[in-house]
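Here the structure is laid out as structure tokens; the discussion comes afterwards.
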Amino acid sequence: MPLSGLVDIIVSLLSSVIPDQFIGIGSNLYSLLPVAVFVIFVYLIYKSLKIAFHGMLVFVAGALFPLFANNFFGTAIAIGIDSMLSYGLFALILYLGYVFIGTVKKILRVVTWPARKLFSKSKDFVTKDDLDKKLRENREDD
């Protein structure tokens, strides 16, 4: 199925669900599609630049590690361009792994939300015994 066919199906489904009062008189969801794509695009660029900037900082911090370790801890790490690049790249790889694992964790939290809500043992959860007790108390009050 081409992408335009998928967009048509989604738009027709949303048009049937969302009342005209929320969309606006005389407009359709196709006019909102460029706005939604623009918002998603700006958000993705923002997140990408944020990750790139933090990655650059992590790379610099990793590259400066041999200097820090030699001066403050008295280690004998070779200080040169190749070792500094190695430590910087290693730090960047660790950071990108951290970002990837965090993204996977967020996706899994969104996907598993219904199951977690259904099987949670939160304080809002009412057991059958609690419900029976409340019903007995209400009958006694009458």
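None of the figures in this text is laboratory data; all of them are computed from the coordinates on show. What you see is a predicted model, and the numbers here were worked out from it, not measured in a lab. Cβ placement follows ideal geometry from the backbone for every residue including glycine, while neighbour counts extend to all protein chains displayed.
If you rank Ser83, Ser120 by fewest surrounding Cβ atoms within 10 Å, what's the result?
Ascending number of Cβ neighbours within 10 Å: Ser120, Ser83.
Over all directions, what mean area does the Cα convex hull of segment 32-142 project, stated in square nanometres?
Taking a quarter of the hull surface, the average projection is 15.5 nm².
Between their Cα atoms, which of Lys50/Lys106; Lys47/Lys105; Lys106/Lys128 are more than 23 Å away from each other?
Beyond 23 Å between Cα atoms: Lys106/Lys128.
Describe numerically, in nm with one decimal, the distance between label points set 7 Å from Cα along Cα→Cβ at Ser86 and at Phe68.
Going from the Ser86 label point to the Phe68 one covers 1.9 nm.
Each residue of segment 59-67 in turn: what ³J(HN,Hα) in whole Hz from Karplus with 6.51, -1.76, 1.60 and θ = phi - 60°, glycine and Pro shown as x?
4, 5, 5, x, 5, 7, 4, x, 5
Suppose R0 equals 30 Å. What FRET efficiency, 1/(1 + (r/R0)^6) with r the Cβ-Cβ distance, do Tyr46 and Thr75 give to the nearest 0.05?
Once the sixth-power term is evaluated, E becomes 0.15.
For segment 49-102, take every pair of Cα atoms, bin their distances at 10 Å starting from 0, and report each bin as a whole percent.
Taking all Cα pairs of segment 49-102, the binned fractions are 28, 45, 22, 5 percent.
Among Met56, Met84, which comes first, second and so on when ranked by fewest other beta-carbon atoms within 10 Å?
Values: Met56 13, Met84 19.
Fewest-to-most ranking of Met56, Met84: Met56, Met84.
Using only the Cα atoms of segment 37-76, what are the Rg and Dmax in Å?
17.0, 54
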